Amino acid sequence: MFQFSCKARTIESFTLRRLHIRNRRRNLGTYMVGSKTLTDQQNYRGQIATYFNPGDLKPPLNVYFSGYRTAEGFEGGRMMSNISSAPYLLIADERMEGGSFYVGSKEFERQLIATIKDCLKKLNFSNKELVLSGISMGTTAALYYATDLSPAAVIVGKPLVNLGTIARNSRLHRPADFLTSLDLLLMHEGSTDQKAQDHFNQYFWNHFKNGHFAKTIFAIAYMKQDDYDKGAYNELFNYFKQQKQAVKVISKGLIGRHNDDTDGIVNWFVRQYHNLMQEKFDRS
């Protein structure tokens, strides 16, 4: 039998829908032994979950950011285990409906960076033994935090970087689809108008342009008719071309909209991981 209570500051009525019951293991984890949660105190106490698997303790540390996911829990664990016996860190954004693209208050973002650095420290690895990766929503985080971590490689599929554009496209390009993008825009900008959309687009770029990527490999698979953020790949590629120091980019474009060929994206994503493990880290 479960008991729960709630408090609300309102004169309106409200409805309780889903209640999430989590197993507690004292200080040993929530979903699984070893899992932890990070809380954004400034934005409705939303949480991100992390799970660290030390693997064989040999480089690299592979970090995988989950994509859009309405269920609590982790994505990609089996995939990361099958790719290599290397250590990995799973990160899942559980805010709003399906995630908030891993961005939040500055303190919250610092917590996320510190979590990755703490795993590197436990393994006695450097940032050159770090790989950031993700698909769809997870690409935003892999690219965004590459600025702070300068990893050996970033592997992403279906990149999303213009968060205002994603919300804008919910009106005409994909009506009534992925409305979480509008919630995120409203939370960060306090409005959903054109000015707010344009300003929110700069959230990623203002941060990303502070990065130094001369020693980072970028592997990017994208959809040529993407209905979320069609210009993401071209903008990233043009930005890399303008840098004084050459940036290595491996890319592949697939025909279709954002969700038309997820299998093709995942297959290419996994293949890039295997190539990287063999060529850069001498793993079979």
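Results, tabulated for the structure shown:
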| item | result |
| --- | --- |
| Hypothetical label at residue 280: residues of region 129-173 whose amide nitrogen lies under 12 Å (7 Å Cα-Cβ projection) | 129-133, 150-156 |
| Of all DSSP beta bridges in the chain, antiparallel share, percent nearest 5 | 35 |
| Over the chain: helical MRE at 222 nm, DSSP H runs n ≥ 4 each giving -39500 (n - 2.57), nearest 500 | -10500 deg cm²/dmol |
| Residue 214/residue 257 FRET efficiency (R0 30 Å; Cβ-Cβ; nearest 0.05) | 0.35 |
| Per-pair calculated FRET efficiency, R0 = 51 Å: residue 3 and residue 113 via Cβ, rounded to 0.05 | 0.85 |
| Per-residue Cβ neighbour rank within 10 angstrom, fewest leading, 155, 250, 265 | 250, 265, 155 |
| Inter-part distance where region 225-284 and region 40-108 are each reduced to a Cα centre, Å | 20 |
| Distance between modelled label sites at residue 124 and residue 186, nm, 7 Å Cα→Cβ extension | 5.2 |
| Stretchable slack from residue 106 to residue 39, in nm (0.36 nm times residue separation minus alpha-carbon distance) | 22.9 nm |
| Normalised contact order of the chain, rounded percent, pairs of Cα under 8 Å and 6 or more residues apart | 14 |
| Gain upon complete extension [residue 13, residue 97; 0.36 nm per residue less C-alpha separation] | 28.1 nm |
| Charge dipole of the chain about the Cα centre (unit charges at C-beta), most positive-ward option of 221, 41, 243 | 41 |
| Exposure proxy order (Cβ contacts within 10 Å, fewest to most) of 103, 63 | 103, 63 |
| Using a Förster distance of 45 Å, the FRET efficiency for residue 242-residue 72 (Cβ separation, nearest 0.05) | 0.65 |
| Percentage relative contact order, region 135-253, counting C-alpha pairs under 8 Å, at least six apart | 32 |
| Gyration tensor (alpha-carbon) shape descriptor, the chain, a/c threshold 1.5 | oblate |
| Fraction of antiparallel bridges per DSSP, region 34-117 only, in percent to nearest 5 | 75 |
| Order of 205, 268 under a 10 Å beta carbon neighbour criterion, fewest first | 205, 268 |
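Each reported figure results from applying straightforward, stated rules to the coordinates on display, with no laboratory input. Everything quoted here is computed from the prediction, not taken from an experiment. Quick reminder, even Gly has a Cβ in these numbers, built from the backbone with ideal geometry, and neighbours come from all protein chains shown.
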